[in-house]
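First the structure, in the form of structure tokens, and then the observations on it.
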Amino acid sequence: MTGSPLVNAIQKRLRRGGYDDVSTPFKVAGVEFRFTAAMRGRGGRALDLVILVDTMTGDFGDRDGTLVRQRVEALSRALDVTASRYVITVILAGAVLAEGIEILSETCRVLQVESVALNDEGDPADEKAERWLDDRIRVLLPLTLPTLTSDAHQDGGSTMDQLARALPPTTQKTLVDALIAASSAGEEAVTEAAALIINQALQVETGVDPS
């Protein structure tokens, strides 16, 4: 089902950020789940399952916080039954739901996008609106660093140079470089990169493969 313009704008942004649409309704453990929209990450975010709840149109009882919580909790239990490793993020698009949402945050990550100024094409109306939307769903998006400008050298060098100088002198450069390189692929990629560096360090110190 087609959601509100706000839901469509969020979906467009997530597609550019590395997410694919999941057909709805979908089944998990033989149970059918109906949501306004669902999306799944790619690459380093392949375990991210994003559920969009349209509190503006109110499809599937989405204006009722208790019903939303019950459906998401049922989905979480179904994923547990199948031993799925998916991490659920619920995006509430539109009016804030008062009932049941605090409890919902104990089950999954909850993001709120109340509104955003859109143009006739359904995209954020200007750069300010784009930043506003990105800020609301930042945790789902790849890490991006500001583009180096001609003033950067006068201000103290590139963004990476400034970051390196801000870190304690005891910080291991190899670890920092690996984590920054992996950051664009998502949280799981960063975790894997950190684990690899730590394992390599253990092998050097002990001479034994920790695996």
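One table, with the values for the structure above:
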quantity: Filter pass, residue 85 being charged (D, E, K, R), in contact with a Ser or Thr (Cβ under 6 Å, 6 or more places away or on another chain) and under 21 Å from residue 20 (Cβ atoms); calculated: no
quantity: Count - residues of region 32-48 that are assigned to a strand (DSSP E or B) and under 22 Å from residue 12 (Cβ atoms); calculated: 6
quantity: Enumeration of residues in region 64-113 that are among the charged types (D, E, K, R) and either in contact with a strand residue (DSSP E or B) (Cβ under 8 Å, 6 or more places away or on another chain) or part of a helix (DSSP H, G or I) (or both); calculated: 69, 71, 73, 77, 80, 102, 109
quantity: Any chance residue 193 is under 28 Å from residue 47 (Cβ atoms) and either modelled with pLDDT of 75 or more or surrounded by 13 or more Cβ atoms within 10 Å (Cβ to Cβ) (or both); calculated: yes
quantity: Cross-chain or 6+ apart pairs with Cβ under 8 Å, region 14-29 first and of a type in the set (Lys, Arg), then surrounded by 12 or more Cβ atoms within 10 Å (Cβ to Cβ) and modelled with pLDDT of 95 or more; calculated: 15/21; 15/39
quantity: Of all residues making up region 105-120, the number that are of a type in the set (Val, Ile, Thr) and surrounded by fewer than 17 Cβ atoms within 10 Å (Cβ to Cβ); calculated: 1
quantity: Residues (surrounded by 22 or more Cβ atoms within 10 Å (Cβ to Cβ) and either in a loop (DSSP other than H, G, I, E, B) or out of contact with any strand residue (DSSP E or B) (no Cβ under 8 Å at 6 or more places or on another chain) (or both)) located in region 1-31; calculated: 3
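Yes or no, residue by residue, for (1) at pLDDT below 95; (2) over 27 Å from residue 183 (Cα atoms); (3) surrounded by fewer than 17 Cβ atoms within 10 Å (Cβ to Cβ):
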{"position": "33", "(1), (2), (3)": "yes, yes, no"}
{"position": "49", "(1), (2), (3)": "no, no, no"}
{"position": "54", "(1), (2), (3)": "yes, yes, no"}
{"position": "61", "(1), (2), (3)": "yes, yes, yes"}
{"position": "72", "(1), (2), (3)": "yes, yes, no"}
{"position": "95", "(1), (2), (3)": "yes, yes, yes"}
{"position": "103", "(1), (2), (3)": "yes, yes, yes"}
{"position": "122", "(1), (2), (3)": "yes, yes, yes"}
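The values are calculated or read from the model by the stated rules, or taken from the named source; none is laboratory data. These numbers were taken from a predicted model, which means no experiment stands behind them. Neighbour counts run over all protein chains shown; Cβ positions are idealised from the backbone, glycine included.
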